[in-house]
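One structure is given below, encoded as structure tokens.
The values are calculated or read from the model by the stated rules, or taken from the named source; none is laboratory data. Model, not experiment: these values are computed from the prediction. Note: ideal-geometry Cβ built from the backbone for every residue, glycine included; neighbour counts use all protein chains shown.
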Amino acid sequence: MTTQEFQSRSAVQIFLHYFKPHRRLFLLDMACALTISVIDLAFPAVSRWCMYRLLPERAYQAFFTVMAVVLAAFALRAVLTYVIAYWGHTFGILVEADIRRDLFCHMEELSFDYFDHNRTGQLMSRLTADLFDITELAHHGPEDVFISGVTIVGSLVILFSIQWRLALVIAVILPVFFAVVWRCRRSMQEASSAVKQRTATINMDIESALSGIRTAKAFANEASEVRKFDASNDAFKTSKRSFHKAMGRFNAAMEFFICALSCAVIAAGGLFIMQGRMDVVDLITFNLYITTFVNPIRKLSNFAELFANGTAGFRRFLELMRREPTMQDAPDAAVLERVAGAIDLDHVSFSYDRHPEVLHDVDLHIRSGETVAVVGPSGGGKTTLCQLIPRFYDVTGGAVRVDGADVRSVTQASLRRNVGVVQQEVFLFAASVLENIRYGRPDATDEEVIQAARLAEVWEDIDAMPQGIHTDVGERERCSPAGRSSASPLPASF
């Protein structure tokens with residue numbers, strides 16, 4: 001789906017959209033859930049029939065045949081439970097993978113300014129912890145609600161056919177229980193959102209600490225880093241405590257209503273038996289159905305927690321997916337081709353987020369083939385000026401042109417394919433030297449990569465590595481011929 005579709009559709013429509021590619025697994029899960037509910041509903045009714053018909057008549061053969069059928073039904077129930085546990089979770093994982101792919105692709109489309117304000121740890125939290133909760137909701141949510149709904153409604157229908165007065169007592173108590181569930185769910189959802197925000201902050205702090213661990217060791221600041229981590233970790237414990245309080249209130253209310261339901265059935269049933277309106281067999285049947293109620297009610301308890309966590313995660317997912325990139329191609333943007341290399345900055349001004357201007361009325365004209373060095377003090381705007389050429393940011397005044405074309409009038413992809421960028425801080429992907437060098441041109445041959453390494457004057461070092469150009473490297477990692485760490489960076493692209 002496009003960003004506009006995410007903006008125009010409701011959360012439920014978007015959530016169900018991810019079910020569609022895997023609907024067969026979803027229907028299998030629901031079919032198994034329905035069969036389990038039917039088996040659970042049938043057992044008390046079969047037991048009642050046996051107590052009324054087979055036991056008084058001492059029909060041994062028929063009774064034990066029925067018990068064998070019941071045992072076979074429970075064996076089938078066990079198999080279906082396995083199917084739900086395995087294929088149901090597989091369905092949830094597939095949904096999670098689709099959501100994660102869409103989220104990652106959308107992050108790739110966002111502009112530089114978004115990443116200026118959001119740290120890697122926060123984004124990692126959105127791609128991992130938040131989506132795990134969505135997976136659990138996708139799998140267990142519909143299944144738990146479906147099983148609980150079928151079991152509770154089916155039980156009430158059967159109980160009304162047995163003794164409507166006693167069934168009415170149960171029917172009056174259940175809505176009160178569900179009202180309490182709904183109220184507790186809201187507090188759990190709010191607490192879960194706070195936990196997720198705090199988790200993202202902790203991930204950000206961990207990412208920062210691990211990325212700067214060499215610097216911390218160089219300045220013997222390990223104790224300071226531990227203190228900063230302890231502060232964020234304590235804040236996380238506080239937010240988690242709020243969630244557990246909300247969950248504890250819910251579980252306490254649920255346990256009370258389950259016990260109160262059993263007590264109400266025994267009290268009302270005892271009264272009806274003493275009045276001659278009911279017999280002991282029917283009261284036993286009612287108690288069996290109360291036991292049948294327990295599992296669906298506990299599933300609703302789990303669902304309340306899943307719903308609180310899952311919807312909090314899904315809301316954070318939608319918040320990001322509905323965010324449009326700041327840099328947009330113009331509707332009539334042209335494809336930039338056959339670039340000669342002339343660059344013109346016509347009275348360019350620029351500021352970050354309406355802060356004081358970094359660049360003011362800069363007028364610079366570079367002819368094709370000309371080499372220009374931009375020098376100046378740190379913070380003078382040299383990097384900013386270079387980042388305006390491939391349109392990582394839009395100017396706030398003036399225009400940047402490549403071969404006479406305003407960079408805002410051409411597609412970003414074609415512009416950046418024709419502008420070579422050597423970052424100030426070299427980043428290495430977790431891949432081989434070969435893959436890192438040809439990152440800018442994935443179709444480059446091995447010979448072209450080797451030639452680029454020679455031009456960069458790093459080929460001798462690469463050739464002396466353990467696996468040569470196929471040696472694996474990673475983020476901030478440098479490999480010397482002996483496999484030791486080295487300060488010499490490898491080119492990221494050519």
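From the list Arg322, Arg315, Arg338, exactly one residue is without any contact (Cβ under 8 Å) to a residue 24 or more places away in the chain and either basic (Lys, Arg) or more than 26 Å from Asp116 (Cα to Cα) (or both). Which is it?
Arg338
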Pick from the range 99-119, criterion in contact (Cβ under 8 Å) with a residue 60 or more places away in the chain and under 14 Å from Phe6 (Cβ atoms), ranking: surrounded by the most Cβ atoms within 10 Å (Cβ to Cβ): Ile99
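Does Met274 meet the test of being among the aliphatic types (A, V, I, L, M) and modelled with pLDDT of 80 or more? Don't jump to the end; show me each part of the working.
On the way: among the aliphatic types (A, V, I, L, M): yes; modelled with pLDDT of 80 or more: yes.
Answer is yes for this residue.
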Positions within the range 438-459 being within 38 Å of the chain's Cα centre (by Cα) and surrounded by 14 or more Cβ atoms within 10 Å (Cβ to Cβ), in sequence order: Arg438, Tyr439, Gly440, Arg441, Ala444, Val449
Hits in the range 375-407 (condition: under 35 Å from the mean Cα position of the chain (by Cα), among the charged types (D, E, K, R) and under 16 Å from His365 (Cα atoms)): none
Any strands (runs of 3 or more DSSP E) falling wholly within the range 339-418 and containing at least 3 residues that are within 22 Å of Gln328 (Cα to Cα): 343-350, 397-402
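Mind checking which residues of the range 305-343 are touching a Phe, Trp or Tyr at 6+ places or on another chain (Cβ under 6 Å) and of a type in the set (A, V, I, L, M, F, W, C)? Before the answer, list the steps.
The initial filter retains those residues of the range 305-343 that are touching a Phe, Trp or Tyr at 6+ places or on another chain (Cβ under 6 Å), namely 321-322.
Met321, the sole residue that qualifies.
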Only one of Thr285, Thr215 that is closer than 28 Å to Leu166 by Cα and assigned by TED's automatic domain parsing to the domain that holds Asp130: Thr285
Residue list for the range 39-65, filter: over 20 Å from Asn287 (Cβ atoms) and hydrophobic (A, V, I, L, M, F, W, C): Ala59, Ala62, Phe63, Phe64
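Can you find a residue in the range 242-265 that is under 30 Å from Ile173 (Cα atoms), of a type in the set (Val, Ile, Thr) and either free of Cβ contacts under 8 Å to residues at least 60 places away in the same chain or assigned to a helix (DSSP H, G or I) (or both)? Lay out the reasoning, then the answer.
Applying the first criterion (under 30 Å from Ile173 (Cα atoms)) to the range 242-265 yields 242-265.
Pick out the ones that are also of a type in the set (Val, Ile, Thr) and you get 258, 265.
So of that shortlist, the ones also either free of Cβ contacts under 8 Å to residues at least 60 places away in the same chain or assigned to a helix (DSSP H, G or I) (or both) come out as 258, 265.
Within the range 242-265 (the criterion being under 30 Å from Ile173 (Cα atoms), of a type in the set (Val, Ile, Thr) and either free of Cβ contacts under 8 Å to residues at least 60 places away in the same chain or assigned to a helix (DSSP H, G or I) (or both)), the answer is yes, since at least one residue qualifies.
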Failed item in (1) outside any helix (DSSP H, G or I); (2) crowded, with 17+ Cβ neighbours inside 10 Å, with Tyr289 passing the rest: (1)
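Each row is one residue, and each column tells you yes or no for (1) modelled with pLDDT of 90 or more; (2) among the charged types (D, E, K, R); (3) in contact with a Phe, Trp or Tyr (Cβ under 7 Å, 6 or more places away or on another chain).
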residue: Ala72; (1), (2), (3): yes, no, no
residue: Tyr82; (1), (2), (3): yes, no, no
residue: Ala85; (1), (2), (3): no, no, no
residue: Ala97; (1), (2), (3): no, no, no
residue: Arg100; (1), (2), (3): no, yes, no
residue: Met107; (1), (2), (3): no, no, no
residue: Phe115; (1), (2), (3): no, no, no
residue: Ser125; (1), (2), (3): no, no, no
Residues of the range 385-403 satisfying the condition of being under 13 Å from Gly420 (Cα atoms) and of a type in the set (Lys, Arg): Arg391
Subset tally (residues that are at pLDDT 85 or above and not in a helix (DSSP H, G or I)) for the range 10-56: 3
Test for Ala200: is it surrounded by 16 or more Cβ atoms within 10 Å (Cβ to Cβ), at pLDDT 75 or above and within 24 Å of Asn309 (Cα to Cα): no
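On the given criteria, is Met327 over 28 Å from Leu41 (Cα atoms) and modelled with pLDDT of 85 or more?
Numbers: over 28 Å from Leu41 (Cα atoms): yes; modelled with pLDDT of 85 or more: no.
Here the answer is no, as Met327 does not meet what is asked.
How many of the residues making up the range 229-243 are out of contact with any helix residue (DSSP H, G or I) (no Cβ under 7 Å at 6 or more places or on another chain) and closer than 13 Å to Ala194 by Cα? Steps first, please.
If we filter the range 229-243 for residues that are out of contact with any helix residue (DSSP H, G or I) (no Cβ under 7 Å at 6 or more places or on another chain), which is where we start, we get 230-231, 234, 237-238, 241.
If we keep only those that are closer than 13 Å to Ala194 by Cα too, we end up with 237-238, 241.
Looking only at that region, the number is 3.
So for the range 350-366 (the condition being in contact (Cβ under 8 Å) with a residue 40 or more places away in the chain, on the phi > 0 side of the Ramachandran plot and either surrounded by fewer than 19 Cβ atoms within 10 Å (Cβ to Cβ) or hydroxyl-bearing (Ser, Thr, Tyr) (or both)), does at least one residue qualify?
Start the filter on the range 350-366 by keeping residues that are in contact (Cβ under 8 Å) with a residue 40 or more places away in the chain, which leaves 350-353.
Subsequent filtering for residues that are on the phi > 0 side of the Ramachandran plot retains 353.
Next cut, either surrounded by fewer than 19 Cβ atoms within 10 Å (Cβ to Cβ) or hydroxyl-bearing (Ser, Thr, Tyr) (or both) only: 353.
Yes, because at least one residue in the range 350-366 is in contact (Cβ under 8 Å) with a residue 40 or more places away in the chain, on the phi > 0 side of the Ramachandran plot and either surrounded by fewer than 19 Cβ atoms within 10 Å (Cβ to Cβ) or hydroxyl-bearing (Ser, Thr, Tyr) (or both).
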